[in-house]
Amino acid sequence: MTPPHAPRLTRDLPAALGSPATGSTARTADGPARVVVDLDLPGPTISRHLYGHFAEHLGRCIYGGFFVGEDSEIPHVGGIRADVVEALRALRIPNLRWPGGCFADEYHWRDGIGPREQRPRMVNSHWGDVVEDNSFGTHEFMDLVEMLGAEAYISGNVGSGTVAEMSEWVEYLTRADDSPMAALRRSNGRDEPWRVPFFGIGNESWGCGGNLRAEDYVGLARRYSTFVRDHGEHRITRIAAGANVDDFAWTEALMRSAPDGRAPWQAISLHNYTMTGPWEAKGSATEFSEREWYLALSRALRTEELVARHAHIMDQHDPAQRIALVLDEWGTWWDVEPGTDPGFLHQQNTVRDALVAALHFDGFHRHADRLRMANIAQTVNVLQAMVLTDPATGALVLTPSYHVFAMNADHQDASALATHVVLPEAPAEVDGRALPLMSASASVRTGERHEQAGDSALISLTNLSADTPRTLLLDLRGRRVVGHRAEVLTGESTAAHNTPEHPRAVAPAALTTVREHERGLELELPPHSFATVALQLAD
Ligand code: AHR
């Protein structure tokens with residue numbers, strides 16, 4: 001039976017059939033490097049949820065990151081770190097995925113409600129084999145989401161939980177009347193139901209989530225999704241646990257079970273991490289060669305290819321694009337910082353990570369028709385974090401990746417614009433693949449839709465060259481530009497990063513090299529840099 005709900009991701013963000021925003025990179029024998037933007041050809045909406053986040057019970061992401069506890073001397077609200085919230089609010093983070101990750105499939109939500117001192121403990125077997133005291137549970141997470149002004153994306157437990165357990169969690173979270181679970185929530189101090197627009201049906205069910213075969217998972221996903229109920233007017237987008245990297249057979253199995261895009265779930269996920277070495281030696285976050293610089297950027301571009309190929313399979317079964325693709329884990333994965341717990345996945349974050357993020361976003365904007373959510377792994381202190389906190393002093397540092405999210409924030413819910421990069425030189429060849437050393441994407445916001453004065457556009461530009469600046473012509477077509485403002489993010493070296501002692505070694509600065517040109521604007525980009533140009537458009 002078709003579930004009687006309108007899926008949020010598909011309803012709020014209708015697919016623009018037949019008019020995808022296109023982007024291309026071409027070579028011209030002569031002339032300057034150009035980025036051509038058709039300002040008058042808006043494509044699909046870039047869902048704000050493409051700028052989503054992920055927080056797992058892993059290392060110091062929740063404990064010591066988001067949550068310091070009520071006895072901490074660090075300023076907090078109910079144990080949640082105030083400066084972390086403030087930094088993330090500035091990013092306008094649209095959603096937060098929790099509690100995992102692999103942790104989700106061994107998490108039992110009832111252990112994380114009620115008086116903290118009475119909550120049972122458990123072993124976090126995936127991450128450091130540490131004892132989890134469940135002091136951060138459902139109420140704390142929903143408080144955090146409210147403080148962030150974000151939406152909740154909860155990952156349910158398929159691997160070691162029951163259908164009833166998942167169903168009752170949804171009832172506990174979202175039901176308004178005096179049902180048993182709503183009454184239990186009230187007895188724990190929360191009267192009103194919460195909004196939980198996104199619910200994951202397990203995580204990595206092909207691996208840590210149960211080592212299932214695709215056909216077995218599809219059966220379970222149908223069953224579990226069915227009991228993730230829409231209570232009253234509340235609507236949930238159910239996200240089936242999707243493929244790892246290039247496991248196209250997994251996507252095919254899920255989509256075969258969704259003819260014409262009709263299934264008990266409304267989205268399927270995909271996971272892909274960027275690393276330069278094999279699993280056992282992924283590479284250092286801060287000490288890397290020029291070869292590894294280009295290799296990381298080339299691998300980052302691979303995500304777009306994977307999105308396109310999974311989306312192509314989805315198109316065969318769901319040409320109307322009812323089902324969304326959700327890249328709910330992406331980012332760099334390096335060897336842990338020397339001296340830290342290998343199970344805690346704590347890594348530094350350099351200009352290289354920033355450019356990896358920038359390249360991902362360009363690809364996301366180009367595939368905004370099918371790709372409607374993405375979640376960087378992970379927000380605080382784990383993998384490609386936005387924020388690092390010092391365990392000894394509590395000092396908070398914003399990473400270079402944070403600044404890319406901030407500089408790109410105005411792409412959220414804007415319309416993608418066709419953007420073409422034309423370069424005088426042949427692309428570099430890295431790892432047997434072509435790597436153009438310039439990347440770009442753009443979007444437009446209309447005053448009416450976005451409640452702002454007049455229309456505006458945002459262009460994102462990435463100079464991938466490790467050592468060569470780039471003179472660039474922005475060939476702006478279709479609309480008259482009446483004002484511009486540009487920012488640039490770079491560092492002294494490709495490995496530059498921020499520390500408590502040097503928190504602004506990599507931070508945005510005004511780009512002062514922009515000049516008007518008969519075809520638009522001309523500017524200089526430093527080597528290894530990311531820049532944004534905001535345009536004010538004439539009516
Ligand atoms: O983000 C770290 C881990 O990577 C997640 O727990 C898991 O889903 C993935 O393998």
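The values are calculated or read from the model by the stated rules, or taken from the named source; none is laboratory data. In this text, all values refer to a predicted model and were calculated from it rather than measured experimentally. Glycine also receives a Cβ, built like all others from the backbone with ideal geometry; neighbour counts cover every protein chain displayed. These accessible areas exclude ligands, DNA and RNA; they are computed on the full protein's heavy atoms, side chains included. Shrake-Rupley method; radii C 1.70, N 1.55, O 1.52, S 1.80 Å.
For the reader, a short list of remarks on this structure follows.
- Look at segment 510-534: where a residue is closer than 14 Å to VAL35 by Cα and open to solvent by 40 Å² or more (accessible area, probe 1.4 Å) and a partner is charged (D, E, K, R) and in a strand (DSSP E or B), sitting 6+ places away or on another chain with Cβ atoms under 8 Å, you get ARG519/ASP475; GLU522/ARG515; GLU522/GLU516; GLU524/ARG470.
- Flag not set for SER167, criterion: assigned by TED's automatic domain parsing to the domain that holds VAL336, buried (at least 19 other Cβ atoms within 10 Å of the Cβ), among the hydroxyl-bearing types (Ser, Thr, Tyr) and at negative phi.
- Within segment 482-506, considering residues that are buried (at least 18 other Cβ atoms within 10 Å of the Cβ) and in a strand (DSSP E or B), the one farthest from the chain's Cα centre (by Cα): HIS484
- For segment 268-283, the criterion of being assigned to a strand (DSSP E or B), of a type outside the set (Lys, Arg) and away from the ligand (no atom under 16 Å from the Cβ) is satisfied by no residue at all.
- Some residue of segment 138-148 being over 27 Å from LEU50 (Cα atoms) and at pLDDT 95 or above: no
- Qualifying residue in segment 331-354 (condition: open to solvent by 30 Å² or more (accessible area, probe 1.4 Å) and at positive phi): yes
- When the residues of segment 421-435 are filtered to those that are open to solvent by 40 Å² or more (accessible area, probe 1.4 Å) and part of a strand (DSSP E or B), the one that is farthest from ASN463 (Cα to Cα) is ARG433.
- The set of residues in segment 100-115 being part of a helix (DSSP H, G or I) and either farther than 14 Å from THR138 by Cβ or within 16 Å of the ligand (Cβ to nearest atom) (or both) consists of CYS102, PHE103, ALA104, ASP105, GLU106.
- Within segment 438-449, being open to solvent by 20 Å² or more (accessible area, probe 1.4 Å) and either touching a helix residue (DSSP H, G or I) at 6+ places or on another chain (Cβ under 9 Å) or outside the structural domain of LEU474 (by TED's automatic domain parsing) (or both) holds for one residue alone: ARG445.
- Residue in segment 249-259 that is within 16 Å of the ligand (Cβ to nearest atom) and either part of a strand (DSSP E or B) or more than 24 Å from TYR294 (Cα to Cα) (or both) present: yes
- Residue check, TYR63 among the aromatic types (Phe, Trp, Tyr), in the same structural domain as GLY149 (by TED's automatic domain parsing) and either within 16 Å of the ligand (Cβ to nearest atom) or open to solvent by 10 Å² or more (accessible area, probe 1.4 Å) (or both): yes
- Residue match in segment 174-186 (condition: crowded, with 21+ Cβ neighbours inside 10 Å, under 22 Å from the mean Cα position of the chain (by Cα) and not basic (Lys, Arg)): no
- Inter-residue pairs, beta-carbon under 6 Å, first among the β-branched types (Val, Ile, Thr) and in segment 247-269, second open to solvent by less than 10 Å² (accessible area, probe 1.4 Å) and at pLDDT 95 or above, 6+ apart: THR251/ALA243; THR251/HIS310; ILE268/ALA240; ILE268/GLY242; ILE268/LEU254
- Pairs with Cβ under 7 Å, 6+ apart, first in segment 120-142 and of a type in the set (Gly, Ala, Ser), second within 16 Å of the ligand (Cβ to nearest atom): SER125/GLU106; GLY128/GLY59; GLY128/ASP341; GLY128/GLY343; GLY128/PHE344
Yes or no, residue by residue, for (1) surrounded by fewer than 19 Cβ atoms within 10 Å (Cβ to Cβ); (2) assigned to a helix (DSSP H, G or I); (3) on the phi < 0 side of the Ramachandran plot; (4) more than 16 Å from the ligand (Cβ to nearest atom):
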position	(1), (2), (3), (4)
ALA357	no, yes, yes, no
PHE361	no, yes, yes, yes
ALA368	no, no, yes, yes
ASN375	no, no, yes, no
THR393	yes, no, yes, yes
VAL404	no, yes, yes, yes
THR419	no, no, yes, yes
